[in-house]
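Only one structure is covered here, and it is reproduced in the block below.
Just so it is clear, none of the values below were taken in a lab; they were calculated from the coordinates. Being a predicted model, the structure only gives us computed values, none of them experimental. Ideal geometry is used to build each Cβ from the backbone, glycine not excepted, and the neighbour counts take in all protein chains shown.
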Amino acid sequence: MKPVQRHRAGKRTGTTATATGPGQIRINRFLSMSGITSRRKAEDLVLQGKVEINHIVVRDLATRVDPARDRVFVSGTQALPVKGFLYLVLNKPKDSITTLSDERGRTTVMSMVRSRERVYPVGRLDRNTTGVLILTNDGSFAHRLMHPKFNVPKSYRVSCDKALSRGDLTLLRGGIVLPDGRTAPADVELIPQGRGKEIGITIHEGRNRQVRRMFETLGYDVVKLERVAYGPVTKAGLARGGTRSLTRSEIRSLKEMAGYTEEELLSGR
Ligand code: URA
């Protein structure tokens, strides 16, 4: 996530504000507050020499920043602390894509979001997958939610071209071997009155096109795919294309799932 403003070329290397002072924060914290990335990844950016403060490249992880005075750039793009983090859910309609812009002029989910700050989708949904898509300007939150280590559950309603056999249901539960490895155990149920063609599946990973590929591997075509929940977040009450802010309790619960410590939860970091 990269807020605004290009920067001139030419770099000097050195150290800057490593002294502590009121209002100063560690560079990795500043970058995560800017929505750029997680604190951990921010450290990598510093070590890679991609971060400049007041036109000086810094490589010292102990560097501190005064957000009110220092000008910080990452690979030439200014990092600006966001005023407040936004956490939204969009009920994504069919035929929309989760990239930020599209040179082919297709509808992007960004065109459906009106917010005072730029937000970014957490992960991807295929063009024709509908349902719950979380968007935020909190880069660290997004990064942690998507991290496979935390296994945040995502539930889908799948409509297949034919009824799922008992044997295949068991296979889906146990894990399907895909070219990028076996999928982790999933919760899979037939949806009542769905004539065997409607299936509810909850996965704990987020690989590309994972649900479609699991079914396709077993010889089923997915004719409709809807994400009905991302952790505790559902699309209940949202029209297609509609957005709402996540509630405090949804944000807290997602953060807990993404491994935030009690201290982080209390400090709002
Ligand atoms: N799995 C898929 O196959 N597609 C999605 O959009 C999301 C999960």
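Taking amide H positions as placed in the peptide plane 1.01 Å from N, state which residues far from residue 138 in sequence (5 or more) or on other chains have amide H under 5 Å from it.
Correct list: 86.
With just the Cα atoms of the chain, tell me how far they stretch along each of the three principal axes, in Å, largest first.
66, 35, 35
Over region 174-269, what portion of Cα pair distances is larger than 15 Å, expressed as a whole percent?
71 percent
Taking the Cβ of residue 150 as the center, what net charge do the other residues with Cβ under 11 Å away carry, scoring Lys and Arg +1 and Asp and Glu -1?
My count for the surroundings of residue 150 gives +1.
Taking the convex hull of the Cα atoms, report for region 153-230 its projected area averaged over all directions, in nm².
4.5 nm²
Extending each Cα 7 Å along its Cβ direction at residue 170 and residue 68, get the distance between those two points in nm, one decimal.
Reported label-point gap for residue 170 and residue 68 is 6.7 nm.
Go through 154/197; 92/255; 197/255; 50/92; 41/235 and tell me which ones have a Cα-Cα distance over 29 Å in this structure.
The answer is 197/255; 50/92; 41/235.
Using Cα pairs closer than 8 Å and at least 6 residues apart in sequence, work out the relative contact order for the chain, in percent.
19 percent
Can you give me the distance in nm between label points at residue 94 and residue 127, each placed 7 Å from the Cα along the Cα-to-Cβ direction?
If labels sit at residue 94 and residue 127, their model points lie 1.3 nm apart.
What nm value, rounded to one decimal, do you get for the distance between residue 239 and residue 60 when each label is placed 7 Å out toward the C-beta?
5.7 nm
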